[in-house]
Structures are given as C-alpha cells and as structure tokens.
Amino acid sequence: MYTNNPFSKALYIISIIQFISGVIGGFILAKMEVDIFYSSYTEFSWIIFLISIFSGIISGIFFMGMAEIVNQLTALNSKLLKFEDQYK
C-alpha cells in the first residue's frame, strides 16, 4: 500500500493492531477458571477464542478497507488536480 495520506496510514496501522489484538484477546478471554465445589481448574473455551479472533479479523478488514478507500480517493483527487491544472 503506497500512500502519502497520513490518515490512510493511520487507518492501516489500526487495522494491523486490530488483527493482533484479536488474537491476543482471544487467548486471554478463552482461559476460563471453572469452580466445582471446593476445587477449581482452568479450561480453554474454543468458542470464545474463535469469536474474538473473528471479531478482530472483521474489524481489521473494515479498517483496512476504509484505509484503501481513503487512499483511492486521495489518488483520484491528485489526478483530478493535475487534469484541472493541465486544461486551465
């Protein structure tokens, strides 16, 4: 992704952070402590892990898509400005 727009770069970085935090958050949230009478043990919940991974991926894709839209609009704007200057 090549861009000169700092807003597009920021959205792209946020999308990468969303991907990473989805995985890390999935591991943190999926470890559950189960209490049975006078004992307890730790269990890994695959459902919570997968839900947090998928939500991180979906939000990361959303931010990456927004970054690409801003990037394309910036490129279009620069082309239109060149076109306008050429035929002035």
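Laboratory data are not the source of any read-out in this text; all were calculated from the coordinates shown. Since this is a predicted model, take the numbers as computed values, not measurements. We place every Cβ from the backbone using ideal geometry, glycine too, and count neighbours over all the protein chains shown.
The stretch between residue 44 and residue 16, if pulled fully straight at 0.36 nm per residue, gains 7.5 nm over its current Cα-Cα span. So what's the back-of-envelope 222 nm ellipticity for the chain, counting only DSSP H runs of four-plus at -39500 (n - 2.57) apiece and dividing by all residues, rounded to 500? Roughly -27500 deg cm²/dmol at 222 nm, from the helical runs in the chain.
Once the other residues with Cβ under 15 Å from the Cβ of residue 42 are scored (Lys, Arg +1; Asp, Glu -1), what is the net sum? That sum, taken over residues with Cβ under 15 Å, equals -2. Under the convention that each Lys and Arg Cβ holds +1 and each Asp and Glu Cβ holds -1, the size of the dipole of the chain around its Cα centre is about 480 debye. Compare 45, 55, 78 in a GNM of the chain, Cα atoms joined below 10 Å, and give the one with the largest fluctuation. Of 45, 55, 78, the most mobile in the Gaussian network model is 78. Ratio of Rg to Rh for the stretch 29-70, alpha carbon only, Kirkwood? On the Cα set of the stretch 29-70, Rg over Rh gives 1.35.
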